[in-house]
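A.B. asks: First the structure, then my questions, so here it is.
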Amino acid sequence: MLMIPADLQMEAAMPEPTRLERLLFRLEAQHRCLGWAFREIGNRPGIVFEMGLGHGRTYDHLRSYLPGRDIYVFDREVDCFADCTPPADRLLLGDIGDRLAAAAARFAGQVVLAHSDLGSYGEAHNTAMSALVSRLLPPALAPGAIVLSDLPLDLAGAQSLPLPAGTREDRYFVYRNGAA
Ligand SMILES: C[S@@+](CC[C@H](N)C(=O)[O-])C[C@H]1O[C@@H](n2cnc3c(N)ncnc32)[C@H](O)[C@@H]1O
């Protein structure tokens, strides 16, 4: 008679992560990565880019944990909780392709933390966002800047880092720009 080891029996009984669990893992990874990045940038000077205001949840987190930082927020629309609306002079409204190109020139080498959260359920959209941010963001980054993203990026001059301990793999992406 064929004996199946207990750990394999467990594996066979475990379903694929559900939509609910995938959302939970992604939010958990996002929260852990942001906390790690806040410690990494510490008191280093520099501005923050928040790409994808959405409902304003991660913007609220950034402004709460990085008081005093200049946080520039990108989105094509304002659809956030009313109390999470960024100040008008920090809100870069419009298509990210246009706004990020202009902002990268304006803030060349000054961004110490960039958080990109532009993904959706559409594969074509996500591929386009990955390519666009990968192409346009690097000139804005300060030496040693941290980039967090919900989508994989290919940033010239930056290296991919492992996710912080305890984070489930492949749910978020972390990069560090090269040193000066
Ligand atoms: C996943 S949501 C961001 C969630 C947000 N970080 C939060 O925590 O509430 C993605 C956002 O990216 C924005 N977005 C997607 N494609 C864009 C584009 N081409 N230009 C500007 N914004 C875009 C959408 O409007 C949406 O608000």
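A.B. asks: Quick check on segment 43-51. Is at least one of its residues at pLDDT below 95, surrounded by fewer than 19 Cβ atoms within 10 Å (Cβ to Cβ) and not charged (D, E, K, R)?
C.D. replies: Yes, segment 43-51 contains a residue that is at pLDDT below 95, surrounded by fewer than 19 Cβ atoms within 10 Å (Cβ to Cβ) and not charged (D, E, K, R).
A.B. asks: Now a separate question. Here is a list: GLY119, GLY144. Which entry is surrounded by 14 or more Cβ atoms within 10 Å (Cβ to Cβ) and closer than 17 Å to ILE47 by Cβ?
C.D. replies: Details: GLY119 fails: closer than 17 Å to ILE47 by Cβ.
After applying the criteria, what remains is GLY144.
Each row is one residue, and each column tells you yes or no for (1) more than 7 Å from the ligand (Cβ to nearest atom); (2) among the aliphatic types (A, V, I, L, M).
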site	(1), (2)
PRO45	yes, no
PHE49	yes, no
ASP79	no, no
ALA101	yes, yes
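A.B. asks: Mind checking whether some residue in segment 9-21 is crowded, with 20+ Cβ neighbours inside 10 Å and within 16 Å of the ligand (Cβ to nearest atom)?
C.D. replies: No; the residues of segment 9-21 include none that is crowded, with 20+ Cβ neighbours inside 10 Å and within 16 Å of the ligand (Cβ to nearest atom).
A.B. asks: Give all pairs with beta carbons closer than 8 Å in which a residue from segment 85-98 that is under 17 Å from ALA140 (Cβ atoms) meets a residue that is among the aromatic types (Phe, Trp, Tyr) and within 12 Å of the ligand (Cβ to nearest atom); count only pairs at least 6 apart in sequence or on separate chains.
C.D. replies: That search, which allows pairs on different chains as well, returns LEU92/PHE74; ILE96/PHE74.
A.B. asks: Consider PRO67 carefully, then state whether it is surrounded by fewer than 20 Cβ atoms within 10 Å (Cβ to Cβ), in a loop (DSSP other than H, G, I, E, B), out of contact with any helix residue (DSSP H, G or I) (no Cβ under 6 Å at 6 or more places or on another chain) and in contact (Cβ under 8 Å) with a residue 40 or more places away in the chain.
C.D. replies: no
A.B. asks: Considering only segment 103-131, state which residues are within 16 Å of the ligand (Cβ to nearest atom) and under 14 Å from the mean Cα position of the chain (by Cα).
C.D. replies: Residues satisfying the conditions are LEU113, ALA114, HIS115, SER116, ASP117, LEU118, GLY119, SER120, ASN126, MET129, SER130.
A.B. asks: Regarding ASP95, is this residue closer than 26 Å to ALA29 by Cβ and within 12 Å of the ligand (Cβ to nearest atom)?
C.D. replies: no
A.B. asks: Search segment 153-180 for residues being surrounded by fewer than 12 Cβ atoms within 10 Å (Cβ to Cβ) and of a type outside the set (A, V, I, L, M), and hand back the single one that is modelled with the highest pLDDT.
C.D. replies: To start, the set of residues in segment 153-180 that are surrounded by fewer than 12 Cβ atoms within 10 Å (Cβ to Cβ) comprises 159, 162, 165-166, 169-170, 179-180.
Filter again for of a type outside the set (A, V, I, L, M), leaving 159, 162, 166, 169-170.
Working: GLN159: 97, PRO162: 94, GLY166: 84, GLU169: 74, ASP170: 76.
The selected residue is GLN159.
A.B. asks: From the list LEU62, LEU66, exactly one residue is out of contact with any Lys or Arg (no Cβ under 8 Å at 6 or more places or on another chain), closer than 22 Å to ALA142 by Cβ and modelled with pLDDT of 95 or more. Which is it?
C.D. replies: Details: LEU62 fails: out of contact with any Lys or Arg (no Cβ under 8 Å at 6 or more places or on another chain).
It is LEU66.
A.B. asks: Please indicate, with yes or no, whether at least one residue in segment 140-154 is among the small types (Gly, Ala, Ser), within 13 Å of the ligand (Cβ to nearest atom), under 27 Å from LEU24 (Cβ atoms) and part of a strand (DSSP E or B).
C.D. replies: yes
The values are calculated or read from the model by the stated rules, or taken from the named source; none is laboratory data. Quantities reported herein were computed from a predicted structural model and do not represent experimental measurements. Here Cβ is always computed from backbone atoms with ideal geometry, including for glycine, and neighbour counts include all displayed protein chains.
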